[in-house]
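Read through the structure below, which is laid out as structure tokens, and then see the notes.
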Amino acid sequence: MGGKRKKEAIPSAFNIISSNRSIGYSFDAAIADIIDNSLSAGATEVELSSPDGRQPCLKITDNGCGMDMDELTEAMTFGGRKNCEEDRDLSDLGRFGMGLKTASLSQCKRVEVVSRKNGILVGGAWDLDELKKNDSWEFLLLDENECLQAITGTFLEKRDCSGTVVVWSKFDRLKESTQNQNDEFARLLDKATQKLELVFHRYLQGEIDLKPVVMTYNGIRLKPNDPFLTGRTPEISTPVIVDVNGSPVSIWSHKLLHPSKLTEAELKHLCLGSTLLETQGFYVYRAKRLIDYGTWFGMASKLEKTKLSRIQIDIPNTLDSEWSLDIKKSRAIPPQVIRQELRNILETAGGKSAITFKPRKRSSGDIEPYWSREKKQGKDSRYCRYSINREHPLIREFYERLGNGQLRETFSVLLTNFEKYFPFSQVEYDLQNDLELIDAEVKVLDEQKKSQIVFLHANGFPDELICKSYPGLEDEVAKYLKIVRKISSSS
């Protein structure tokens, strides 16, 4: 008996490539995918440049090992010709053999790749306008003049330099509403370079086993944006190593400094264009390149008390399938085998962050708070209520002095309305945006408090009651009351 009958079904090149343009690449993610190839080629310098001209154009140049014609053909082939499941170098940032083409064409209609190796220039291009005419899986070969034009203005113009330049042109997906495409293009590039400073921050700053890589944009050097502010992080746990299918996954827990101890520049640096609340979570690195960040992977909610927690996860490229790495290399999902370990680390890290936000005890004595917190009974209750503590000595003393008339009733109504209309939502919004409430803590005995103390003393309030009214400043208040009494007795 013969084998099963088969018939080859070759898809339309134009339809497949056009449909892949909508795979979901952002502008910065697409550029990062090109840089992945540069780093995999051993580049120590990556240059982004946008030549002046009537139409937007982007050149991404590296000083990697370069490619000959066979290697260029491999790079220009969708999906490549190698099995993506095969073992590869641990520093290889590639994945499916799709990134160069798919990432590029997600942003523009023409991508040119020109490379020099051993002094020989080779070049090829995918052009959607040409592809629509012939609908073939053949890419365009560039002649010498076209290759020289592509490398103009880059360091590949030096004949003794190896490397590759990727040129994007025919940008058809810039916002149609913009009056000036070049302005919109410049805005996207500025935003993208900021993201690159985060995604590749470990390459930019260098590590013990990672030589620093120089990246520039129009001659300006990119600076590493370390999301843990290494050197200013008060606490980093010892790494936890977890074996996943024979490959090690390293996990570090970082606790950031309280916002009040950060400079405005440092806080902006850590917020990553958002807030500490939104950027808390796991930070997943694949071969030291940031893949995914600012998520708890559904294991916890983003809470104010845990916003100082950031957990670094280092995974090797041998675990791509286990972590469900997508083509864009911008999303990863932890496998079940490691989730419980992550939950344990998350709980410990979250607890350390929460301690930082717990109210500090103001003094060794019993302090009567101005506000009371009441939690509804029941294990699953999510409701609590804040009310003014009517038993606070100062409030009770003032209430008694009002007598039994209308003033006492008016005062009670005022307290109730203060509770009812307290701007909890606005305070929550301000905290989530990492604004420091400057009156949240009584820190110093300023002129305003001194005036209040003089007023209370003059109206017969006992010294002990006045001291208790300023938790944390009892000693300072007592000393100031001695001065007030001395001045009063001499006048």
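Assorted remarks:
- Relative contact order (%) - criterion: Cα under 8 Å, at least six apart; region: segment 20-79: 27 percent
- As a length-normalised measure over Cα pairs under 8 Å and 6 or more apart, the relative contact order of the chain settles at 12 percent.
- Mean separation of Cα pairs under 8 Å and 6 or more residues apart, divided by the residue count, gives segment 204-295 a relative contact order of 17 percent.
- Within the chain, helix-based [θ] at 222 nm, where runs of 4 or more DSSP H residues each add -39,500 (n - 2.57), nearest 500: -11000 deg cm²/dmol
- Check: the chain dipole with +1 on Lys, Arg Cβ and -1 on Asp, Glu Cβ, in debye: 1560 debye
- Around residue 35: net Lys/Arg minus Asp/Glu count, Cβ-Cβ under 10 Å: -2
- Of the residues 323, 481, 295, the one whose Cα sits farthest toward the positive end of the charge dipole of the chain, with +1 on the Cβ of Lys and Arg and -1 on the Cβ of Asp and Glu, is 481.
- Principal axis dimensions, segment 172-261 - Cα atoms, whole angstrom, descending: 53, 41, 26
- Rolling a 1.4 Å probe over the protein heavy atoms of the chain, with every protein chain left in place, gives an accessible area that is 51 percent carbon and sulfur.
- Distance in nm between pseudo-label sites at residue 44 and residue 384 (7 Å out along the Cβ direction from Cα): 5.6 nm
- Radius of gyration (Cα atoms) of the chain, expressed as a multiple of 2.2 N^0.38 Å: 1.37.
- Average accessible surface for the chain: 57 Å² per residue, computed with a 1.4 Å probe over protein heavy atoms with every protein chain in place.
The values are calculated or read from the model by the stated rules, or taken from the named source; none is laboratory data. Everything numeric here is computed off the predicted structure, so don't read it as measured data. As a convention, Cβ positions derive from the backbone with ideal geometry for all residues, glycine included, and neighbour counts pool all protein chains shown. Just so you know, the surface numbers come from the protein's heavy atoms only, side chains and all, with ligands and any DNA or RNA stripped out. Shrake-Rupley method; radii C 1.70, N 1.55, O 1.52, S 1.80 Å.
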